[in-house]
Amino acid sequence: MISSGKTIIADELKKIENSAKFTFVEQKPGRIGTGMALLSVRELMGEEPFILSWSDEFYKASPTRPAQLMAVYEKYGGPVVGCIRTNDPKCGARFGFVVGETLPDGVIKASQIIEKPGEGKAPSEMATMSGQVITPEIFKYLDKAVKEYPPGKEIYWNEAGLCPMLKDGLPVYALEYKNCCFYDTGDKFGYLKTLVEIGLKSPDFGEKFKEYLKIKASIL
């Protein structure tokens, strides 16, 4: 790439490569669910808190979502679930929702986390999204779920992990992301919309892309 003159692109890729150590773990066949994915990386996490994120959602936030989550963790010292505020009835069938005590700066001390309560049945406006600070205590709850859940039942990180933690009186917090734009890339149409919106904001080719879309729209 450097020999072809694309040194700027090469430098950007090097920044990503050098920003962290990347390790890939293949989840073993058997029980399924996000809780099992977490158990697959237990040895890597050790006894340290860690950030959990999903690959089918994309965000632009300032400060970054990890920075916002870590700030809440450092202040309150428990697991933190990232949220966006929504009153769309359809979201009740798409996301989990947090109920609890309102604290300063958009933080909630959770009393319940209700996963996908159903369209029009959301118990609050705080929808759980990608981005959580997880503490190592969750692993013992997931181990218990593996032993107690019937065969074939999916083991979810929140249902089998955070919800039992709450029942045992352990603190769990939720954060409403600030200065955040959410892009749902979990389906084909959402992915296409994200590409268009991000492309239009590009400082390198945003204007060219806008003109291209105008031409295509006029043809259609």
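The values are calculated or read from the model by the stated rules, or taken from the named source; none is laboratory data. All figures in this text were calculated on a predicted structure; none of them were measured in a lab. For neighbour counting, all protein chains shown are included, and Cβ atoms are generated from backbone atoms with ideal geometry for every residue, glycine included.
Below are the figures for this structure:
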quantity	calculated
Selection within region 153-172 - free of Cβ contacts under 8 Å to residues at least 24 places away in the same chain and over 20 Å from residue 116 (Cα atoms)	168, 169
Near pairs, Cβ below 7 angstrom, 6+ apart or cross-chain, from region 8-34 (in contact (Cβ under 8 Å) with a residue 24 or more places away in the chain) to any residue that is of a type outside the set (Gly, Ala, Ser) and surrounded by 10 or more Cβ atoms within 10 Å (Cβ to Cβ)	31/146; 31/155; 32/154; 33/154; 33/155; 33/156; 34/156; 34/157
Some residue of region 175-185 being within 29 Å of residue 30 (Cα to Cα) and either part of a loop (DSSP other than H, G, I, E, B) or in contact (Cβ under 8 Å) with a residue 12 or more places away in the chain (or both)	yes
Where a residue in region 193-220 is free of Cβ contacts under 8 Å to residues at least 60 places away in the same chain and its partner, wherever it lies, is in a helix (DSSP H, G or I) and of a type in the set (D, E, K, R), with Cβ under 7 Å and at least six apart	200/210
Only one of 18, 87 that is under 16 Å from residue 128 (Cβ atoms), polar (S, T, N, Q) and loosely packed, with under 13 Cβ neighbours inside 10 Å	87
Residue within region 144-152 that is of a type in the set (A, V, I, L, M) and within 20 Å of the chain's Cα centre (by Cα) present	no
Unmet criterion (only one of (1) at pLDDT 90 or above; (2) surrounded by fewer than 15 Cβ atoms within 10 Å (Cβ to Cβ); (3) not in a loop (DSSP other than H, G, I, E, B)) for residue 169	(3)
From the options 131, 106, 120, residue that is buried (at least 18 other Cβ atoms within 10 Å of the Cβ) and at positive phi	131
Members of region 171-200 found to be farther than 17 Å from residue 128 by Cβ, more than 18 Å from the chain's Cα centre (by Cα) and not charged (D, E, K, R), listed by number	189, 192, 195, 196, 198, 199, 200
